[in-house]
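The block underneath contains the structure these notes are about, expressed in structure tokens.
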Amino acid sequence: MTGAPAPPRWVAALAWTSLVLGIVALLGSLNMFLPDPRDMLVRAVIGGIGLAAAIVAIVRFRRTGRPAPPIGIAGLVVSSLALVVTVLTLLQFAFFFVFAERLEPPAEPVSSSQAAAEQAATEREFAEIARTSAAMLEEVRLPDGSYPTRLAVTTDERQLISPDGVVIADLPFGTSVNYAVYVDATQYQLLLFGPNGTRAEVDSEDGITVEHVPYASW
């Protein structure tokens, strides 16, 4: 009486491959706290290949009349576990980045009176900055009557300074500045753009103007 024929060698190699891939996918899935979605996709692919390899190896062993190899069964279990953990991680990712946003309470609408009050406060603030800037530009004016040819904003975006480092004005964060001189640098125009469409214009000839300007007109 002869025993059952031995399965091809590649079937045993397939069983070992399923186990190795399952272990790799499972170890990678241990980081469940908000991992990169691309990493989750790679782990799912590796775990799926390991699971498919284990199933093919087990089926081929049974077709030869032999019981399923322990390595193949181990690969099947480990790969399945890795896929389960990856799916749980995907559900966690979906909850935090999709469902959680829907659970956040909507922002309270700003009333027209509140918006008008905020706009008026911003305009008063920029009017004071414009007056300070005009006074300081007169302070740094050269004896020949020329103004600095350029101004700079500090790296923290909180101060407007002259080329010599003299502070012209303190700026609210996010303020945009446009400065230009003309007529041999004896005249200048300084534009300060703030939030809510506020624009302050300081002109050496025309004085100070603070107004609300639509962003499209900047």
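Read-outs: derived from the displayed coordinates by stated rules, not from any lab. Remember, it's a predicted structure, so these values are computed and weren't measured experimentally. Backbone-built Cβ (ideal geometry, glycine too); neighbour counts: all protein chains shown.
Miscellaneous remarks
- Listed from fewest to most Cβ neighbours within 10 Å, the set 112, 133 follows the order 112, 133.
- Computed over region 116-155, the ratio Rg/Rh where both radii use C-alpha atoms and Rh is Kirkwood: 1.15
- Amide H partners (placed H, <5 Å) of residue 168, local residues excluded: 160, 161, 162
- Taking every alpha-carbon pair within region 116-217, the share separated by more than 19 Å comes to 39 percent.
- Area projected by the alpha carbon convex hull of region 9-103, averaged over all directions, nm²: 6.2 nm²
- A crude spin-label estimate for the pair residue 91 and residue 170, with each label 7 Å from Cα along the Cβ direction, gives 5.4 nm.
- Across region 46-52, rounded Karplus estimates of 3J(HN,Hα) from the backbone phi angles (6.51 cos²θ - 1.76 cosθ + 1.60, θ = phi - 60°) give 5, x, x, 5, x, 5, 5 Hz, Gly and Pro being marked x.
- Rel. contact order, % - alpha carbon contacts under 8 angstrom, at least six apart, region 168-218: 24 percent
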